[in-house]
Amino acid sequence: MISVLYFSNTLVRGGAEEHILTLLRGLDRLRFRPSLVCTPEVAEKIRGDVPHDVELIGLRLRKPYEAGAVRALFSIMHERRPDIVHSHLFYSSLFASPIATLARVPLVVETPHLRESWRRGLKARFVVDRIAGRFVDQYIAVSEANRRYLVEEKGLPRHKVVVIHNGSDLRRFNPHHRAPAGMRETLGFGASDPVLLVVGRLEPQKGHRVLFDALPAVRAHFPCVRVVCVGEGALRDELVGRVVASGLGDAVRFVGQQANVADWLALADVTVLPSFFEGLPLAAIESLAAGRPMVATAVDGTPEVVVDGATGLTVPPGDAAQLARALCRLLGDAWLREKLALAGRDWVLERFNQDRQIQRTEALYQLALSRLGRLPRPGGVPATAWGPR
């Protein structure tokens, strides 16, 4: 039995946490025993979705001078003796990977998830990343774009980086699913009003402001268009104020975090992802699985899901005019929406289902332990288990 300790020190529930939950739920219990250490804030938000057989430990470790938390994490690793410590996002790995090495954990893994476009100055030179990378045995890139970023920009060793695309439980999404009765009326929408849906945290990364800048041009052609924003975040008050000040209050609804994403996707005619950077966005995968065409920005791994003209439309990040044109094109062409929806669903079902992600991650764990001579029991997985990249 291989024990895997996952670590995250984020303060909000986002894509990385959904990625971890997919692994916690899906790992083969005949071969793997998972546990999770995360901040108390996130533990509270995900507790109901963590399987009952997974030990969930709340621990806040956000600064290097938090000696008590450092000792606590070392004690957790030393006492439980995991075979693998797998951190998610660089800032989590910065703490967990050296501690795991000190605790003599056989295999240390990091999934960075994102291109950190916010970095400036010395941080943008990735010196710390390369130093911390000495404690990491294996990196998992969530997209081909993410792999290029890690190798070509961060300068991490190419042989340590493997691509395993994000996946989702796509059985939850059905193009024929209908929004619950009364949902439109509760929002104040008319029966024939076209609806744009944005699923994402209300943070600068996600680009909501660009969408709101584009909306007046869209309304000029589609006066009854409505926008629903699913998600919470630090920019909520600012974005609500911006919408009201721009005279868009009748068109935009902020509905907060929602568990029933499939119902909200069923409400939408078109989904929008105006992000400035991404890893491999689950929101895009789930939109296409639900048969909803998407307009997204051509950043990082997004074009690997939303293939321009084939499974959706892409535009440059931060370009409100092009975003408006793409939205108008989809809203005005039912045949194109149907074509993209059908192709998009086939695309994600083949490439981005959770079973593929889980199986490839399990294979990586066993292969890496075997190559390092640290497999805790006889056996292993042949190289063919990886399948085509």
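The values are calculated or read from the model by the stated rules, or taken from the named source; none is laboratory data. Keep in mind it's a predicted model, so treat the numbers as computed, not measured. Glycine also receives a Cβ, built like all others from the backbone with ideal geometry; neighbour counts cover every protein chain displayed.
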Residue tally, condition aromatic (F, W, Y) and in a strand (DSSP E or B), over region 226-276: 1
Of the conditions (1) assigned by TED's automatic domain parsing to the domain that holds P223; (2) without any contact (Cβ under 8 Å) to a residue 40 or more places away in the chain; (3) surrounded by 15 or more Cβ atoms within 10 Å (Cβ to Cβ); (4) more than 20 Å from the chain's Cα centre (by Cα), V306 fails just one. Which one is it? (4)
Name the one entry in R253, R226, R209, R292 that is over 25 Å from the mean Cα position of the chain (by Cα) and either surrounded by 23 or more Cβ atoms within 10 Å (Cβ to Cβ) or touching a residue at least 12 places away in the same chain (Cβ under 8 Å) (or both). R226
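Within region 115-140, work out how many residues are hydrophobic (A, V, I, L, M, F, W, C) and assigned to a loop (DSSP other than H, G, I, E, B).
Summing the residues that are hydrophobic (A, V, I, L, M, F, W, C) and assigned to a loop (DSSP other than H, G, I, E, B) in region 115-140 gives 3.
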Among (1) under 25 Å from R171 (Cα atoms); (2) crowded, with 18+ Cβ neighbours inside 10 Å, which single condition is L61 missing? (1)
Among the helices (runs of 4 or more DSSP H) contained in region 289-381, which hold 1 or more residues that are at pLDDT 95 or above and under 20 Å from S168 (Cβ atoms)? 334-351, 354-371
Out of S192, S143, I need the residue that is farther than 24 Å from L24 by Cβ and hydroxyl-bearing (S, T, Y). Which one? S192
Given the criterion charged (D, E, K, R), surrounded by fewer than 19 Cβ atoms within 10 Å (Cβ to Cβ) and touching a residue at least 40 places away in the same chain (Cβ under 8 Å), identify the matching residue among D169, D137. D169
Only one residue in P64, P98, P34, P106 is in contact (Cβ under 8 Å) with a residue 60 or more places away in the chain and touching a helix residue (DSSP H, G or I) at 6+ places or on another chain (Cβ under 8 Å), so which one is that? P106
Could you tell me whether R120 is crowded, with 19+ Cβ neighbours inside 10 Å and basic (K, R)? no
